[in-house]
Structures are given as C-alpha cells and as structure tokens.
C-alpha cells in the first residue's frame, strides 16, 4: 500500500488515512481491535480452555497431557496440575470457571452405579439417587471433532456471530445476544454444569454439539469451503448432511448410540425452522431441543430465504448416490412434544433491563398491542405465513394506532426504546418469521402478555408449562379487523390474573446460568434500584412506593437461577430418563 502502508510505516500515526479506512468497519478477526486492527486481546473459547490450554479463535490447543474441547480432561494416571496462573491474566477470573468436581471424579464402582440406578435396580432404569454430590440427570458431552464445533468459530471471521461473549481491547468481557448465540452458550453451560459426567457408562443422556447455525452464517454465506453434502449454498442440504456426519462419527467411535438407538441423545436445532430437515434416522428417536415447535407431519418450508427452503430438495452427482437430499428427512414433523422440547433463545439481561421483572419502575401499560420489527414489506408472501403483513395492513388501514393504541411497524415507523415499549404493552404478538422468532421471550421478559398466532405450532415450553394461564392464542384466520375489540373485551381482572401467573414463571424463559449472565442481571437490577431511589428523592412525597404492594410485578433483586431456562431443561430431562430406556431396562419402552 505504498511507503506509508501497513508494512512500511513506523507507527499507526504515520500510516496513510486510506489504509486505516480499510479497518474502519471493524476488525473481522477474533481478538483484534483498534482503528488499525493492531490491538490484540484474549480470544474466546469454551471456558477459556479450563485454564489448561491456549485459545486460538475458538479452538483450544491443550497443554501436554490435557484433552477435550475445553481441555478439561487429563490422561489417566497423570498428575492434575493447576492451570494458568491468573495473576498474569487477571481478566480470565470473570470467565474461567472450575469444572465441576462431580465430572472430575473417577467412574463410580459397580456398587455406587447400582445405588444410582433407581427403581430399575440394574444401573439402567429410571432415575434414582446419584452418588453423594451428584445431580441427575448425568449428561455426557461428546468431544466432537473440530469440524463440527471449534473449527466453525475459527472460520467465521466475524466477532459478534456464533458466540455469546467476547473480550474487548482491554480484555473486559461482554455478553452478546445474537439470534443463534445459544449454540455456544448451551454447550459451555453443559460443560460447566454439575450434571456433567466424564463417564459415559453412567450417563443418563448424551449431548451432541454441532454448530450448524454458525456454519449456516457466516461461513456458508462467505466461504468456498467446507461444504457438507453438495457444494452449494442450500443450507438445508448442508445441515442434513452435517448432522448425519456427526451421528455417523458418534456411532463409529462410541457404543452408546446403538445401546438405546439414540433415544438418550440430545441435539440442539436452533436455526429458523429447527429440526424440519433433521435426518430421519436421527430425528425418529433422538431428543430435539428447538425454538420451532411446528407439529404438522406433512409440512413444507415457510421460509422466505430460498437457500433455506427444504421443500425444494437437491440432487448432486456423487452425493447420496444421486438421490434427492429430501430422502434424508422426509416423513417426520419438525417437533414432537412427546420427546422434544421448545426452548427459549438466549437474551442478554440488558435486553430486558427496562422490565419491572428486572427491577425497573413499572410503567403504565398504555399500549394495547405492540409489534416492532420486520413486517414483511420486502419479503416473499409466505414470510411469517403472511401474518405480519396482514397485521400491518389492518393496523394502518383501520388506524389502530390512533383509535386503539396498537402499534405495528418497523423501527423507522415506531421511534423510541424497544424495551420501554414492551414494558408499556399489555399484549405482544408471538408469530413466525422465516421460522421461529424470539417474540415470546421479548413479551414474557417484559411482563407483556403473549398473543400467540401460530397454528399447529407450540410456543416455548408449551408442553411442560401452563402458558395458557398467561397468554392468549388465536387462529391465524382470526386475525381481522375485530382484533382490537377482542383484546379490549378481556377484563382488567382477568389481565391482572394473567400477569400474576406470568410473574411466577417469567424467569424460566431466560437463561440465567453462568457468571457473566448472573453479573449482568445484578448490574441491570442495581442500575434500576439506583434509578428508583433517584425518582423517590424527586417525588413530593418520598414515602410513596413506585411498586404498590399489590402490583403484579414486584421487583426481583436476585435472579432465581435455580429456576431459569437451564434448570427447567434439566428438570424436564430428569423426568424423561425412563422414556429413553426400553422395557428390559425398566423404562417406558
């Protein structure tokens, strides 16, 4: 780039301006910062390699003798020496956590295994008391080859995608909240959970981490390789082949898939249309954790993004012996409430810091119905099944904003704080996008009652929680000009009852595990407490409380992490242990 280019200038100050402008859009690589991308920081890995390895853009290069995706395991018989000296890297104290002692214990003896077998009595039956200090269910997390997980993080070359946390140029850690960040978050939380076991023989469940959503974007959208299946940008084909390759690897290297036919294996399918194109040989028995609870058997894709339209199919010479990729996944629903679970997406506590549930002063709920975001103006008609487009048209043609305080539109049309608007709304629509959309989380975490408009589709935790007690569901065909009258017909007393029900369970729709998430929630509450104290000082009558004793949403000063989304998932899995066993093992069969 000339005599004062990157390689030739003596300092960044001498560098030509146009050189610096190449970096002005932000530094793509992990751990690189500054206007000239010349400032380096720690990079992000699973539990920062447990202090027993060096992080290289998502991949842990373990120290000698240590192994595993998080470098948490040591070869048998070798000394368990301490990890990194954190006095030299103090910024890791906030993120590097001890691997649970339960997972580090040697495999239990046959006697202790029998003690934990429960009613089955053979070590394979229903859940019973585990050894002291152990929490059922016990979950074995496969150390997958890098091409399924950490290599995706190395290839992505975009900081804010495929991750839920990052280091800034000063090595301070902050949370991210991308639409697919649960992929890495859930993986890390399982690795750090007391439910984790290093002994697959005692495991109740097996988690198979596959970073398909990270592959989907940005890797598939920008790179020439790798491809799973045909070398095309058809992401449903990539996904189906990637999942199948992961299953085949597990089956070839471990005996546990064949032991129960995969019934005790867990997969996260957190992309837009979830497990709709999961290979049938995996889907038919395994547990799917998904955001997309679509239940109809004969389904077609609803996405408006053509590379995701799994109904199109694809044939390619030399791939699947020339068969259409649809042969891998035809014949099953996207979600089966008997074996699968619709789980929330990951939301940063700062996202709902305006909520009274995070200690903010409650605002008058003067908005009847609120939806801000993509309403399909420039999308194909099948986007959102046409529901968002219909709502938008009805709202504007019938002047719902002026007549009923119903606001439907995109951000340029509805100005102001999104969180504050949600905290002022009585009802919030929960409807599809290209598949799932995190509208239920937005509603519940702000104390807004969900208005569910998704036929044949379960909302979050609908199979295990009584969401009907704090939400309303209407048919897609019932969205018409009478919607305002319908909402206004619900009495204030009924609304208050629903709000009180929501207040009992809202935390189950938020992921609260992890030191960073807990500290972020504490900060949100602390900031809100300070703001409320300031308001009290400014009031004429300083004794008047901003939270009346009978208000449905009383302030919470500490997040109930024992009853968050992760804990809810563990409780559900505990109840499903018997379902994964056959009759010979004392299970449900």
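The values are calculated or read from the model by the stated rules, or taken from the named source; none is laboratory data. A quick note: this is a predicted structure, and the numbers were derived from the prediction, not measured. For neighbour counting, all protein chains shown are included, and Cβ atoms are generated from backbone atoms with ideal geometry for every residue, glycine included.
Contact list please: Cβ distance under 8 Å, first residue in region 299-319 and within 21 Å of residue 384 (Cα to Cα) and not assigned by TED's automatic domain parsing to the domain that holds residue 279, second residue at pLDDT 95 or above and in a loop (DSSP other than H, G, I, E, B), pairs at least six apart or on different chains.
none
Looking at region 443-459 only, could you name the residues that are more than 21 Å from residue 551 (Cβ to Cβ) and touching a helix residue (DSSP H, G or I) at 6+ places or on another chain (Cβ under 8 Å)?
Taking region 443-459 as the starting set, the residues that turn out to be more than 21 Å from residue 551 (Cβ to Cβ) are 451-459.
Residues satisfying the conditions are 451, 452, 453, 454, 455, 459.
Counting only residues that are surrounded by fewer than 24 Cβ atoms within 10 Å (Cβ to Cβ) and free of Cβ contacts under 8 Å to residues at least 40 places away in the same chain, how many does region 41-52 have?
Number of matching residues: 0.
Given the options 527, 549, 480, name the one that is outside any helix (DSSP H, G or I), over 30 Å from residue 391 (Cβ atoms) and assigned by TED's automatic domain parsing to the domain that holds residue 397.
On the way: 527 fails: outside any helix (DSSP H, G or I); 480 fails: over 30 Å from residue 391 (Cβ atoms).
Answer to the selection: 549.
What about residue 359, is it buried (at least 17 other Cβ atoms within 10 Å of the Cβ), at pLDDT below 95 and at positive phi?
Values: buried (at least 17 other Cβ atoms within 10 Å of the Cβ): yes; at pLDDT below 95: yes; at positive phi: yes.
For residue 359, the condition - buried (at least 17 other Cβ atoms within 10 Å of the Cβ), at pLDDT below 95 and at positive phi - is met.
Of all residues in region 53-63, which are outside any loop (DSSP other than H, G, I, E, B) and either surrounded by fewer than 19 Cβ atoms within 10 Å (Cβ to Cβ) or in contact (Cβ under 8 Å) with a residue 40 or more places away in the chain (or both)?
From region 53-63, those outside any loop (DSSP other than H, G, I, E, B) are 53-56, 59-62; that's our starting set.
Listed by number, the residues that qualify are 54, 56, 59, 60, 61.
Sort out which residues of region 387-445 are touching a residue at least 60 places away in the same chain (Cβ under 8 Å), farther than 17 Å from residue 365 by Cβ and more than 28 Å from the chain's Cα centre (by Cα), and write them in order of number.
Residues satisfying the conditions are 390, 394, 398, 403.
Can you name the residue in region 417-465 that is more than 22 Å from residue 299 (Cβ to Cβ) and out of contact with any strand residue (DSSP E or B) (no Cβ under 8 Å at 6 or more places or on another chain) and, of all such residues, is surrounded by the fewest Cβ atoms within 10 Å (Cβ to Cβ)?
417
Does residue 426 satisfy the criteria of being under 25 Å from residue 290 (Cα atoms), in contact with a helix residue (DSSP H, G or I) (Cβ under 8 Å, 6 or more places away or on another chain) and at pLDDT 95 or above?
Against the criterion (under 25 Å from residue 290 (Cα atoms), in contact with a helix residue (DSSP H, G or I) (Cβ under 8 Å, 6 or more places away or on another chain) and at pLDDT 95 or above), residue 426 does not qualify.
Give the residue, chosen from 256, 283, that is buried (at least 24 other Cβ atoms within 10 Å of the Cβ) and over 22 Å from residue 189 (Cα atoms).
On the way: 256 fails: buried (at least 24 other Cβ atoms within 10 Å of the Cβ).
From the options 256, 283, the qualifying one is 283.
Search region 64-95 for residues being crowded, with 18+ Cβ neighbours inside 10 Å and in a loop (DSSP other than H, G, I, E, B), and hand back the single one that is farthest from the chain's Cα centre (by Cα). Walk me through how you get there before you give the answer.
First, the residues of region 64-95 that are crowded, with 18+ Cβ neighbours inside 10 Å: 66, 68-74, 83, 92, 95.
Then drop every residue that is not in a loop (DSSP other than H, G, I, E, B), which leaves 68-72, 83, 95.
Values: 68: 23, 69: 20, 70: 20, 71: 23, 72: 23, 83: 29, 95: 19 Å.
Filtering region 64-95 for residues that are crowded, with 18+ Cβ neighbours inside 10 Å and in a loop (DSSP other than H, G, I, E, B), the one farthest from the chain's Cα centre (by Cα) comes out as 83.
Given (1) loosely packed, with under 12 Cβ neighbours inside 10 Å; (2) more than 17 Å from residue 503 (Cβ to Cβ); (3) modelled with pLDDT of 75 or more, where does residue 558 come up short, assuming only one miss?
Against the list (1) loosely packed, with under 12 Cβ neighbours inside 10 Å; (2) more than 17 Å from residue 503 (Cβ to Cβ); (3) modelled with pLDDT of 75 or more, residue 558 comes up short only on (2).
Among the candidates 494, 499, which residue alone is closer than 23 Å to residue 550 by Cα, outside the structural domain of residue 171 (by TED's automatic domain parsing), part of a helix (DSSP H, G or I) and free of Cβ contacts under 8 Å to residues at least 40 places away in the same chain?
On the way: 499 fails: free of Cβ contacts under 8 Å to residues at least 40 places away in the same chain.
On inspection, the qualifying residue turns out to be 494.
Identify all residues within region 383-408 that are under 15 Å from residue 454 (Cα atoms) and either touching a strand residue (DSSP E or B) at 6+ places or on another chain (Cβ under 6 Å) or at pLDDT below 95 (or both); write none if there are none. Steps first, answer last, please.
In the first step, residues of region 383-408 are kept if they are under 15 Å from residue 454 (Cα atoms); the result is 383-391.
391 - this is the single residue of region 383-408 that is under 15 Å from residue 454 (Cα atoms) and either touching a strand residue (DSSP E or B) at 6+ places or on another chain (Cβ under 6 Å) or at pLDDT below 95 (or both).
Looking only at region 314-350, which residues are farther than 17 Å from residue 282 by Cα and buried (at least 16 other Cβ atoms within 10 Å of the Cβ)? Lay out the reasoning, then the answer.
In the first step, residues of region 314-350 are kept if they are farther than 17 Å from residue 282 by Cα; the result is 314-319, 321-324, 342-350.
Once the filter is applied, which keeps residues that are farther than 17 Å from residue 282 by Cα and buried (at least 16 other Cβ atoms within 10 Å of the Cβ), region 314-350 yields 314, 316, 319, 342, 343, 344, 345, 346, 347, 348, 349, 350.
Given the conditions (1) over 20 Å from residue 576 (Cβ atoms); (2) modelled with pLDDT under 95, report the number of the one that residue 125 does not fulfil.
All conditions are met except number (1).
Quick one: count up the residues across region 303-324 that are under 23 Å from the mean Cα position of the chain (by Cα) and part of a loop (DSSP other than H, G, I, E, B).
As a first pass, look at region 303-324 and keep what is under 23 Å from the mean Cα position of the chain (by Cα): 303-305, 307-310.
Subsequent filtering for residues that are part of a loop (DSSP other than H, G, I, E, B) retains 303-305, 309-310.
So the count comes out to 5.
Can you find, within region 289-302, the residue that is surrounded by the most Cβ atoms within 10 Å (Cβ to Cβ) among those that are in contact with a helix residue (DSSP H, G or I) (Cβ under 8 Å, 6 or more places away or on another chain) and more than 27 Å from residue 264 (Cβ to Cβ)? Steps first, answer last, please.
The initial filter retains those residues of region 289-302 that are in contact with a helix residue (DSSP H, G or I) (Cβ under 8 Å, 6 or more places away or on another chain), namely 289, 301-302.
So of that shortlist, the ones also more than 27 Å from residue 264 (Cβ to Cβ) come out as 301-302.
Details: 301: 21, 302: 24.
Within region 289-302, the match that is surrounded by the most Cβ atoms within 10 Å (Cβ to Cβ) is 302.
List every residue pair whose Cβ atoms sit under 6 Å apart, with the two residues 6 or more apart in sequence or on different chains, where the first one lies in region 187-215 and is assigned by TED's automatic domain parsing to the domain that holds residue 260 and within 24 Å of residue 274 (Cβ to Cβ) and the second, anywhere, is surrounded by fewer than 22 Cβ atoms within 10 Å (Cβ to Cβ) and modelled with pLDDT under 95.
Within 6 Å, the pairs are 195/135.
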